[in-house]
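A.B. asks: The structure follows.
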Amino acid sequence: MNNIAVLVLAAGKSSRMKSIKQLEKIGNKTLLELTLEKAKQLPIKNIFCVLGANASLIKSKIKTENIEFIINHNFNEGLSSSIISGIHHFKKNHFKFDGFLVLLADQPAIEISYLNTLISLFNNDSSKIIASNYGDFFGVPALFSSKYYDELLLIKGDKGAKNFINQNTKDTLSPKIKANLVDIDTKQDLDSYNKSI
């Protein structure tokens, strides 16, 4: 069993939502709480959440316990900056993780069984990137080996991790099972999702 961390990315300013997306509700829980509570049901004890825009307010509203928050002061530089913040935090604190699972706070439909499949694939071959198959490309949720730290520190923008995975497809594995990888980016997305559940 590999020593894996979860890195939940929730630092964005949600410009398309025109509100604090992390705190929007699905049922009686916020989007971010849904993701954090899902992470806590995985066989992983180290769970980190990267915050940036509205960090203090979000932290004050989140009830999920035993989560370590990392503040990304460069959140305007896109999702890549949150992955970089996480890796810097791991290195600074000398955390010896074999890999880390990247989750987005705005993909509420992903099932725990799917995330466990990603972890199983990594446990079988921790030299590979384990990524989600979107049909035309690979993306997150994805599990990266610590051997990629230095390369991941060079990614940029909102699509840096996706580009990195898709430039390394020969080293990428993906689950055979399908997952609902819908993103909640706008009020319309949120309304549609809430009506569908």
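A.B. asks: Here are some conditions: (1) buried (at least 17 other Cβ atoms within 10 Å of the Cβ); (2) at pLDDT below 95; (3) hydrophobic (A, V, I, L, M, F, W, C). I197 meets all but one. Which one does it not meet?
C.D. replies: Every listed condition holds for I197 apart from (1).
A.B. asks: Still on this structure, I have one more. Can we say E68 is of a type in the set (D, E), within 23 Å of A161 (Cβ to Cβ) and within 17 Å of the chain's Cα centre (by Cα)?
C.D. replies: Details: of a type in the set (D, E): yes; within 23 Å of A161 (Cβ to Cβ): yes; within 17 Å of the chain's Cα centre (by Cα): yes.
Taking the combined requirement at face value, the residue satisfies it.
A.B. asks: Quick one: which of I177, I129 is more than 19 Å from G12 (Cβ to Cβ) and within 16 Å of the chain's Cα centre (by Cα)? I'd like the intermediate steps shown before the answer.
C.D. replies: On the way: I177 fails: within 16 Å of the chain's Cα centre (by Cα).
Just a single option satisfies the conditions, and that option is I129.
A.B. asks: Restricting attention to the stretch 92-109, and to residues there that are among the aliphatic types (A, V, I, L, M) and more than 15 Å from L143 (Cα to Cα), which single residue is nearest to the chain's Cα centre (by Cα)? Write out each step before concluding.
C.D. replies: In the first step, residues of the stretch 92-109 are kept if they are among the aliphatic types (A, V, I, L, M); the result is 101-105, 109.
Pick out the ones that are also more than 15 Å from L143 (Cα to Cα) and you get 105, 109.
Values: A105: 7, A109: 13 Å.
Within the stretch 92-109, the match that is nearest to the chain's Cα centre (by Cα) is A105.
A.B. asks: Okay, moving on. Would you confirm, using the coordinates I've provided, whether K59 is among the basic types (K, R) and surrounded by 18 or more Cβ atoms within 10 Å (Cβ to Cβ)?
C.D. replies: For K59, the condition - among the basic types (K, R) and surrounded by 18 or more Cβ atoms within 10 Å (Cβ to Cβ) - is not met.
A.B. asks: A further question on this structure: Scan the stretch 170-178 and give yes if some residue there is modelled with pLDDT under 95, out of contact with any strand residue (DSSP E or B) (no Cβ under 9 Å at 6 or more places or on another chain) and within 24 Å of M17 (Cβ to Cβ), otherwise no.
C.D. replies: No, the stretch 170-178 contains no residue that is modelled with pLDDT under 95, out of contact with any strand residue (DSSP E or B) (no Cβ under 9 Å at 6 or more places or on another chain) and within 24 Å of M17 (Cβ to Cβ).
A.B. asks: Next up: Looking only at the stretch 114-128, count how many residues are outside any loop (DSSP other than H, G, I, E, B) and either in contact (Cβ under 8 Å) with a residue 40 or more places away in the chain or among the hydrophobic types (A, V, I, L, M, F, W, C) (or both).
C.D. replies: Number of matching residues: 9.
A.B. asks: Can K159 be described as surrounded by fewer than 18 Cβ atoms within 10 Å (Cβ to Cβ), modelled with pLDDT under 95, farther than 27 Å from I71 by Cβ and among the basic types (K, R)? Spell out the reasoning first.
C.D. replies: On the way: surrounded by fewer than 18 Cβ atoms within 10 Å (Cβ to Cβ): yes; modelled with pLDDT under 95: yes; farther than 27 Å from I71 by Cβ: no; among the basic types (K, R): yes.
Judged against the criteria, K159 is not a match.
A.B. asks: Continuing with the same structure: Go through the stretch 1-54 and give me each residue that's loosely packed, with under 15 Cβ neighbours inside 10 Å, touching a residue at least 24 places away in the same chain (Cβ under 8 Å) and among the hydroxyl-bearing types (S, T, Y).
C.D. replies: Matches in the stretch 1-54: S19 only.
To keep it simple, each residue is scored yes or no on (1) of a type in the set (A, V, I, L, M); (2) under 18 Å from L101 (Cβ atoms); (3) modelled with pLDDT under 95.
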site: I44; (1), (2), (3): yes, yes, no
site: K63; (1), (2), (3): no, no, yes
site: I70; (1), (2), (3): yes, yes, no
site: N76; (1), (2), (3): no, no, no
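A.B. asks: Still on this structure, I have one more. How do the strands (runs of 3 or more DSSP E) wholly within the stretch 1-110 filter down when requiring 1 or more residues that are touching an Asp or Glu at 6+ places or on another chain (Cβ under 9 Å): which remain?
C.D. replies: 4-10, 46-51, 99-104
A.B. asks: Right, next: Pick from the stretch 135-162 the residues that are of a type in the set (G, A, S) and outside any helix (DSSP H, G or I): which of them is farthest from V6 (Cα to Cα)?
C.D. replies: Step by step, filter the stretch 135-162, then rank; the result is G135.
The values are calculated or read from the model by the stated rules, or taken from the named source; none is laboratory data. Being a predicted model, the structure only gives us computed values, none of them experimental. Note: ideal-geometry Cβ built from the backbone for every residue, glycine included; neighbour counts use all protein chains shown.
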